[in-house]
Amino acid sequence: MPSTTNNSVAARRLAQVTTTLAGLSTAAAPPQYVAPPATKENLPYADLAVIDLSQGHTLSGRRSLATEVVRAMRTHGFFYVVNHGYSAEQTTRMFSIANETFDAVSEGEKAIYTGQSASVYEGYKPRQTWKIEDGVQDQIEHYNINRQVYNRPHPEPLRPYLAEIEAFARHNHFNILHPILRLLAMGMGLPDEALVEQHSFDEAGESSVRFMKYYPRSVDEEQRTKQVWLKGHTDIGSVTILWSQPVGGLQILSPDGQWRWVRHMENALVINAGDVLTFLCGGFYPATRHRVIQPPADQRGRARVGVFYFAMANDALPLVPHTHSPVLQHVGVQRQCADADAPTMQAWRQGVTAAYGRSTLVRSKQDARVEEEVIAGVVVKHYN
């Protein structure tokens, strides 16, 4: 169980972030992003668990949450988080900053801050970078900010908000990611800090805040891609923290093989496991395939603004499983590759990042709906 010292440190970090945000409340306010209403379409939604992080202040509460998280990760690989420490007003403000990242920055300045390396997500990714299907490229723009916010310069319109973005990165890392990693470790019978230590804020790595904007597409593009905006995939990191937003489009591949929608929940987080968690946890927490498709009929023509925190392990960490876990010893270890061949976090993220949306995929011999590529000796699958 987490020690009293660990709980005290977490409490201090939460207080520090809260104090920082309170001090920023008088900073220049971005034009408020007004989200459209949530869809009223009757859609087949995934039945996802809701995890209340405020229940984790006691040992019994953490044990109960760990049981819920294990069940959620083992069934859907996705769950909601509520009571995560941000008010609805703070969340709205962060979405407003995210929207300014695209609307207030000129194309010329975006070009200056476009990422220069195909193997690292940094700065802007322009639209029409990734191949989707039948010659159609994506209409997704994003801006990636390393959790060490001041490591690189940023566009002028974002500079008034950098301290706030840094506080947001720290909040995601210390007050959301680390508590979830402790619950995941508890669920495997590991020491509380086993996964936390592999996700240090200060070690070299690429855990980052990402702002995204999905732009509407033409009727022709929708027809040629069967309405798919982002192919079915798993995330390359450990844990993805998605701040729920009302424009629909996110779907997960359910255990029965059906694509189901993720419902918007006001001021909630949508959490999912990525490839690295599957590596480190010996397949006990499988990464779930998900995709983005055209929004529901009553939201067509609306852009989707996204706010994420993508958590990755320390760059130097070899991605080998925690075989000393009593749970893994009972259920068995599902390795992604031999331990001796396991890539480091850095090698894995660089290989997948460089290949994504650019490489030529090969149709799977087992399933015609699946396309494959091999990265760092591991077969990576893409679902249409």
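Within the stretch 127-147, the set of residues being crowded, with 16+ Cβ neighbours inside 10 Å, in contact with a helix residue (DSSP H, G or I) (Cβ under 9 Å, 6 or more places away or on another chain) and outside any strand (DSSP E or B) comprises GLN139, ARG147. For ALA354, the criteria (1) surrounded by 20 or more Cβ atoms within 10 Å (Cβ to Cβ); (2) in a helix (DSSP H, G or I) hold in every case but one, which is (1).
Of all residues in the stretch 85-126, exactly one satisfies the criterion of being within 28 Å of HIS178 (Cα to Cα), part of a helix (DSSP H, G or I) and aromatic (Phe, Trp, Tyr), namely PHE95.
Of all the listed residues (ASP134, ASP220), the sole one being closer than 28 Å to GLU372 by Cα and without any contact (Cβ under 8 Å) to a residue 24 or more places away in the chain is ASP220.
Number of residues in the stretch 250-273 that are buried (at least 22 other Cβ atoms within 10 Å of the Cβ) and either in a loop (DSSP other than H, G, I, E, B) or modelled with pLDDT under 95 (or both) equals 1.
Within the stretch 5-19, can one find any residue that is modelled with pLDDT of 95 or more and more than 19 Å from PHE168 (Cα to Cα)? There is no residue in the stretch 5-19 that is modelled with pLDDT of 95 or more and more than 19 Å from PHE168 (Cα to Cα). If you take the residues in the stretch 340-359 that are touching a strand residue (DSSP E or B) at 6+ places or on another chain (Cβ under 8 Å) and without any contact (Cβ under 8 Å) to a residue 40 or more places away in the chain, which one is nearest to ASN314 (Cα to Cα)? This residue is THR344.
Scan the stretch 155-165 and tell me whether some residue there is among the small types (Gly, Ala, Ser), closer than 30 Å to ASP52 by Cβ and crowded, with 21+ Cβ neighbours inside 10 Å. No - not one qualifying residue is present in the stretch 155-165.
Residues in the stretch 166-177: is at least one in contact (Cβ under 8 Å) with a residue 60 or more places away in the chain and closer than 27 Å to THR225 by Cα?
Taking the stretch 166-177 as the starting set, the residues that turn out to be in contact (Cβ under 8 Å) with a residue 60 or more places away in the chain are 167-177.
From the residues that got through so far, the ones that are closer than 27 Å to THR225 by Cα too are none.
No, every residue in the stretch 166-177 fails to be in contact (Cβ under 8 Å) with a residue 60 or more places away in the chain and closer than 27 Å to THR225 by Cα.
When LEU277 is tested against (1) assigned to a loop (DSSP other than H, G, I, E, B); (2) surrounded by 22 or more Cβ atoms within 10 Å (Cβ to Cβ); (3) of a type in the set (A, V, I, L, M, F, W, C), just one condition goes unmet, and that condition is (1). One residue stands out among those in the stretch 60-82 that are of a type in the set (Val, Ile, Thr) and under 14 Å from ASN272 (Cα atoms): the one that is surrounded by the fewest Cβ atoms within 10 Å (Cβ to Cβ), which is THR75.
For the stretch 359-371, the set of residues classified as within 13 Å of TRP130 (Cα to Cα), at pLDDT 70 or above and either outside any loop (DSSP other than H, G, I, E, B) or not β-branched (Val, Ile, Thr) (or both) consists of LEU361 only.
Criterion first (over 23 Å from ASP134 (Cα atoms), within 12 Å of the chain's Cα centre (by Cα) and aromatic (Phe, Trp, Tyr)) does TRP243 satisfy it? Here the answer is yes, as TRP243 does meet what is asked.
Residue count for the stretch 38-72 under the criterion of being more than 15 Å from LEU177 (Cα to Cα) and either outside any loop (DSSP other than H, G, I, E, B) or out of contact with any helix residue (DSSP H, G or I) (no Cβ under 8 Å at 6 or more places or on another chain) (or both): the result is 21. Filtered by the rule that a residue be under 21 Å from the mean Cα position of the chain (by Cα), assigned to a loop (DSSP other than H, G, I, E, B) and buried (at least 16 other Cβ atoms within 10 Å of the Cβ), the stretch 202-230 gives GLY205, GLU206, SER207.
Are any of the residues in the stretch 289-296 farther than 21 Å from GLY248 by Cβ, in contact (Cβ under 8 Å) with a residue 60 or more places away in the chain and touching a helix residue (DSSP H, G or I) at 6+ places or on another chain (Cβ under 7 Å)? No, because not a single residue in the stretch 289-296 is farther than 21 Å from GLY248 by Cβ, in contact (Cβ under 8 Å) with a residue 60 or more places away in the chain and touching a helix residue (DSSP H, G or I) at 6+ places or on another chain (Cβ under 7 Å). Of all residues in the stretch 258-314 being in contact with a Leu (Cβ under 9 Å, 6 or more places away or on another chain) and among the aromatic types (Phe, Trp, Tyr), which is nearest to GLU100 (Cα to Cα)? So the residue we want is PHE308.
The values are calculated or read from the model by the stated rules, or taken from the named source; none is laboratory data. From a predicted model like this one, the values you see are computed outputs, not experimental measurements. All Cβ positions, even for glycine, are placed from backbone atoms using ideal geometry, and neighbour counts span all protein chains on display.
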